[in-house]
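The values are calculated or read from the model by the stated rules, or taken from the named source; none is laboratory data. Note that this is a predicted model, so its numbers are computed, not measured. Here the Cβ is made from the backbone with ideal geometry for all residues, glycine too, and neighbour counts use every protein chain on show. We work out accessible area using only protein heavy atoms, side chains counted, and drop any ligands, DNA or RNA first. Shrake-Rupley method; radii C 1.70, N 1.55, O 1.52, S 1.80 Å.
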Amino acid sequence: MIETYIKETLLKRRQTAEKTADKNLKTALQDEEFKQLYSSFKALEIEKAKSQVYNKTFDEKKLENLKNKLKTKLNELNLTFDSLIPKYTCPLCEDTGIYQNKECSCINKIKSFYLLKKCGLNFIPHTFKDCNFSIFDNPELIKNFYEKMKNWCVQPTTIKNIVISGKSGVGKSFLLECMLSELIKEKQYVVYTTAFSLSQNLLKYHTTFDKIKEEIISPYLNCDVLIIDDLGSEPIFKNVTEEYLYLILNQRIFEHKSVIISTNLTLQEIQNRYGERIFSRIISKNFSKIFNIENSDLRLKNNKK
């Protein structure tokens, strides 16, 4: 399903860019003067290509002068020269998905938004530019914390798991959205899910026996960064939630892949709810950093456990 979505997205982007450029060109060609200039310009481009093949000299100035005349005429028509060229979403692969004979980095972003949409979160996530620290009682402290989280998204580190705990309404989900945006900007393959959606998908994985079974869980295992929002709010399904959550967390630690978690639970509550095995994977001394946002003044407590 995700491969089909990627192909359809690339095709739609490519067709839209080319259709827009073609529409602009057809509009311009209705002007007789532009039509003649454009015909001469294309003929010169062909002449230039031939001269390169046969190693002959070519008058670049003549082509440039004609191009400038085209630009002037296009301005009169309320168009630009660039508007005749398709503006692809990805300038590297021109929305083909292939760059330098490899899968283009833009594919990761498409995957991330597909999975974001699949989780039912049909929104454009906030970015760090959206932050308004003046609303906090301790704006400088929160600003420094957000900057630390932004740097973590940008700079590789030995800390793979980030756990942000605190009561409802202190901005945990907002921060995760900002981190999601930053990671996508860094061309990371990110899966963003609520704990509830994750739990439902794990149940679906457990009860599915056809060829799409692996497609359900593979994104949680294969993505560069897995973001789980509001851990602890989801229902616990016997023989499902704990088993598969452990599988995901354990595999990601083994492959040194990152997990970001927000939760209303305390560390003790996490241990009580999920057991020692999962707790040890979330709160790993070697791979995890835990931050607790306390009370309405958003005081940060760095838990070093």
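Taking (1) without any contact (Cβ under 8 Å) to a residue 12 or more places away in the chain; (2) in contact with a helix residue (DSSP H, G or I) (Cβ under 7 Å, 6 or more places away or on another chain); (3) exposed (fewer than 11 other Cβ atoms within 10 Å of the Cβ) in turn, THR80 satisfies each apart from (3).
Screening segment 25-53 for residues that are among the acidic types (Asp, Glu) and within 11 Å of LYS73 (Cβ to Cβ) and picking the one that is surrounded by the most Cβ atoms within 10 Å (Cβ to Cβ) gives ASP31. Taking first residues from segment 5-20 that are touching a residue at least 24 places away in the same chain (Cβ under 8 Å) and partners that are among the β-branched types (Val, Ile, Thr) and open to solvent by 80 Å² or more (accessible area, probe 1.4 Å), the Cβ contacts under 7 Å between residues at least 6 apart in sequence or on separate chains come to ARG13/THR89. You will find that of GLN200, GLN188, the residue that is more than 24 Å from SER105 (Cβ to Cβ) and either free of Cβ contacts under 8 Å to residues at least 60 places away in the same chain or open to solvent by 50 Å² or more (accessible area, probe 1.4 Å) (or both) is GLN200 and no other. Do the conditions hold for TYR246, that is, is it modelled with pLDDT of 95 or more, hydroxyl-bearing (Ser, Thr, Tyr), crowded, with 16+ Cβ neighbours inside 10 Å and under 28 Å from the mean Cα position of the chain (by Cα)? So TYR246 passes the test. Looking at (1) of a type in the set (D, E, K, R); (2) over 30 Å from GLU243 (Cβ atoms); (3) open to solvent by 30 Å² or more (accessible area, probe 1.4 Å), which one does ASP95 not meet, given that it meets all the others? Unmet condition: (3). Restricting segment 164-181 to residues that are charged (D, E, K, R) and modelled with pLDDT under 90 leaves a set whose member that is farthest from ILE282 (Cα to Cα) is LYS167.
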